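Novice: Mind looking over this structure? Questions follow.
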Amino acid sequence: MEARERILAVIHHERPDRIPCDFWGTPEVVEGLKRHLGVEEDVELWKSLGIDKIINLTPSVIWVPVSRFYVGPPLPEDQDIWGVRYQRTTYLNGKATYWEVKERPLAHLNTVEAVQASYTFPKVDWFDFSTLAEECKRYQGYAIQCGYMSPFYTYTTIRGLEQAYIDLVENPEYVHFVLGKIVDFLYALHEKLFEAGQGYIDIAEVTDDLGTQRGLVMSIKMIEEFLVPHYRRLIGLTKSFGIKVFHHDDGAIRDVIPLLVDLGIEVLNPVQWRLPGMDPRGLKEDFGRSLCFHGGVDNQETLPFGSPEEVEKEVCFLLETLASDGTGFIVAPCHNIQPLTPVENIIALYQAVHHYGCL
């Protein structure tokens, strides 16, 4: 089977020739792996490690740098389309870099009237997707992911994390207004994006970060009030194009999974199995007929601080639980592999998939 066939098979709960695997890593990790393996192109890297890479062609709708599909008004290098300003922050003694938020455009606009008077939401005609289908064709044989819709994450980024949660209680009208504007843009943008994809797009994200290391960031009642109508709308759009719905949600999110399943998500990432309620056996038993799980390999302990043997053992554990029926699981790190992770551990991950994941 080709990589794309393998990925789509397990999403459809069909048995592939082996359990597929994906890769997430920071740019520094990607470049380090290329040097270690003596390859130059990303596709060469995936092939050398036997990775069924889901190719992500998603245009940047938040964060910097601005998407290559962006054709709107010129923006400073450190600003995204929402007006959020960022600054480069280094870590690991300068070996790696992140863009961290510096200024949020809605931080001091505390009423609907103030937002209407002083803030410009991004516009769909700022994007040109005319080259998208040709880009997709370059990755024949791989599954294509294109689309990122995160209503509340976008809200927290332009408003501020702490203030966003205060708003849910003290300023609900404001939250409904701003979220509505965000989702109106995301819906129209992704309708245009999916049309331009001409059927080549396999997967898109409808997502948010609803979990902490202990539980949910807000009550189910709040999720139902503020987010469910928007999720339903965006999931409906995605499915209308025959595209699979991928949901990334860090943390201990067990309590909200039934709701997400009812809404129609099909792939759940990242499965932080050491957290409360996230035992892989229970997840597979309760949701394995509805969901394909993606991720699982611990990026907080095992990958950065374990041994290759411990990585192999964890991959085996995940295959025995999340792929106990021979399908419904894509092995991957729980999040982007960080530069402090030994190369030997990364290689051990993919060697273990090939050695133990054959069916």
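Read-outs: derived from the displayed coordinates by stated rules, not from any lab. Please read all numbers here as calculations on a predicted model, not as lab measurements. Cβ coordinates were reconstructed from backbone atoms using ideal geometry, including for glycine residues, and neighbour counts include every protein chain displayed.
Novice: With r defined as the distance between the Cβ atoms of CYS316 and HIS36 and R0 fixed at 41 Å, what FRET efficiency is calculated, to the nearest 0.05? Numbers along the way, then the final one.
Specialist: On the way: r = 24 Å, r/R0 = 0.59.
Efficiency for this residue pair is about 0.95.
Novice: What pairs from LYS34/LYS137; LYS34/LYS192; LYS95/LYS137 go past 30 Å between their alpha carbons?
Specialist: Correct reply: LYS34/LYS192; LYS95/LYS137.
Novice: Given Cα pairs under 8 Å that are at least 6 residues apart, what percent is the relative contact order of the chain?
Specialist: With pairs under 8 Å counted, the relative contact order is 21 percent.
Novice: Moving on. Based on the Cβ-Cβ distance from SER219 to ASN56, what FRET efficiency comes out when R0 is 45 Å, to the nearest 0.05?
Specialist: 0.90
Novice: Among the listed pairs LYS47/LYS313; LYS123/LYS181; LYS47/LYS239, which are separated by more than 20 Å between their Cα atoms?
Specialist: Exceeds cut-off: LYS47/LYS313; LYS47/LYS239.
Novice: So how much slack lies between LEU259 and HIS108, counting 0.36 nm per residue of separation and subtracting their Cα-Cα distance, in nm?
Specialist: That pair, LEU259 and HIS108, stretches by 51.0 nm at full extension.
Novice: What translational diffusion coefficient, to the nearest whole µm²/s, does segment 3-356 have by Stokes-Einstein, given a Kirkwood radius computed over alpha-carbon pairs, a temperature of 10 °C and 1.306 mPa s viscosity? Please report the intermediate quantities before stating the final value.
Specialist: Details: Rh = 21.1 Å.
Translational D for this selection: 75 µm²/s.
Novice: Return THR238, THR111 ranked ascending by Cβ neighbour count within 10 Å, so the fewest neighbours appear first. Walk me through the numbers on the way to the answer.
Specialist: On the way: THR238 26, THR111 12.
Exposure proxy ranking, most exposed first: THR111, THR238.
Novice: Further, regarding this structure: Loop only by DSSP, 10 or fewer other Cβ within 10 Å of the Cβ. Give me the GluC sites (Glu not before Pro) in segment 62-142 that pass, ordered by residue number.
Specialist: GLU77
Novice: While we're on this one: How much length, in nm to one decimal, is gained on full extension between GLN351 and THR90, taken as 0.36 nm per residue of separation minus their Cα-Cα distance?
Specialist: 90.8 nm
Novice: Moving on to the next point. As a footprinting exposure proxy, order ILE11, ILE235 by other Cβ within 10 Å, with the fewest listed first.
Specialist: Ordered from fewest to most neighbouring Cβ atoms within 10 Å, ILE11, ILE235 come out as ILE235, ILE11.
Novice: Counting pairs of alpha carbon atoms under 8 Å apart in space and at least six apart in sequence, what relative contact order in percent does segment 283-359 give?
Specialist: About 42 percent, as a whole number.
Novice: Taking the chain as a Gaussian network, Cα atoms linked when under 10 Å apart, which of LEU291, LEU161, LEU57 shows the biggest mean-square fluctuation?
Specialist: Taking springs between Cα atoms under 10 Å, the residue moving most is LEU161.
Novice: Between THR120 and LEU340, what's the calculated FRET efficiency when r is the beta-carbon distance and R0 is 45 Å? Round to 0.05.
Specialist: 0.65
Novice: Can you list residues whose amide H is under 5 Å from TYR142's amide H, if they're 5+ apart or on another chain and H is modeled 1.01 Å from N?
Specialist: Under 5 Å from the amide H of TYR142: ARG4.
Novice: Still on this structure, please answer the following. Counting only Cα atoms, I'd like the Rg/Rh figure for segment 147-215, Kirkwood definition for Rh. Write out the running numbers ahead of the final one.
Specialist: On the way: Rg = 14.4 Å, Rh = 13.5 Å.
The Rg/Rh ratio comes out at 1.07.
Novice: On to the next question. What angle, in degrees between 0 and 90 and rounded to the nearest 10, separates the Cα long axis of helix 228-240 from the longest principal axis of the Cα atoms of the chain?
Specialist: In the chain, helix 228-240 runs at an angle near 60 degrees to the longest axis.
Novice: Using only the Cα atoms of segment 57-160, what are the Rg and Dmax in Å?
Specialist: For segment 57-160, the Cα-based Rg and Dmax read 16.1, 50 Å.
Novice: May I pose another question? Could you list VAL169, VAL101 in order of exposure, starting from the residue whose Cβ has the fewest other Cβ atoms within 10 Å?
Specialist: Listed from fewest to most nearby Cβ atoms, that is VAL169, VAL101.
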